[in-house]
1. Report the residue count in segment 18-34 for those that are more than 11 Å from the chain's Cα centre (by Cα) and in contact (Cβ under 8 Å) with a residue 12 or more places away in the chain.
2. Select from segment 30-68 the residues that are touching a helix residue (DSSP H, G or I) at 6+ places or on another chain (Cβ under 6 Å) and of a type outside the set (A, V, I, L, M, F, W, C) and list them in ascending order.
3. Please name all residue pairs, on different chains or six or more residues apart, with Cβ atoms under 8 Å, provided the first residue is in segment 54-68 and is within 22 Å of residue 32 (Cβ to Cβ) and the second residue is among the polar types (S, T, N, Q) and open to solvent by less than 90 Å² (accessible area, probe 1.4 Å).
4. In the list 9, 15, which residue meets the criterion of being on the phi < 0 side of the Ramachandran plot, in contact (Cβ under 8 Å) with a residue 12 or more places away in the chain, open to solvent by 70 Å² or more (accessible area, probe 1.4 Å) and among the basic types (Lys, Arg)?
5. Tally up the residues in segment 28-46 that are open to solvent by 60 Å² or more (accessible area, probe 1.4 Å) and assigned to a strand (DSSP E or B), please.
6. Just to verify a result, which residue in segment 47-68, among those that are within 12 Å of the chain's Cα centre (by Cα) and assigned to a loop (DSSP other than H, G, I, E, B), is nearest to residue 6 (Cα to Cα)?
Amino acid sequence: DALAALAARYAEAPRASGLMANGELMIITASEAGTWTALVVTPAQMACMAASEEGFGLTEAPKPGEPS
């Protein structure tokens, strides 16, 4: 299991996910230390690591009516 391996090896946990137009799911995992990984999971439950790096941070979306 890809998520379990990322948790065990890098202390990464899911932080965001989104369904793509082709039916695949993208999951972004990240650790408190700043490492992150992007996984793409097919409907058949096949996972592929699409990217990984350091320097993860979340940003807040502007509230409606506020400048971005």
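The values are calculated or read from the model by the stated rules, or taken from the named source; none is laboratory data. Fair warning: this is a prediction, and the values are worked out from it, not measured in the lab. Here the Cβ positions follow ideal geometry from the backbone for every residue, glycine too, while neighbour counts run over all protein chains shown. We work out accessible area using only protein heavy atoms, side chains counted, and drop any ligands, DNA or RNA first. Shrake-Rupley method; radii C 1.70, N 1.55, O 1.52, S 1.80 Å.
1. 6
2. Selection gives 31, 35, 37.
3. 54/35; 56/31; 56/35
4. Only one candidate qualifies: 15.
5. Taking segment 28-46 as the starting set, the residues that turn out to be open to solvent by 60 Å² or more (accessible area, probe 1.4 Å) are 32-33, 36, 43-46.
Those still in the list that are assigned to a strand (DSSP E or B) too: 36.
So the count comes out to 1.
6. 56
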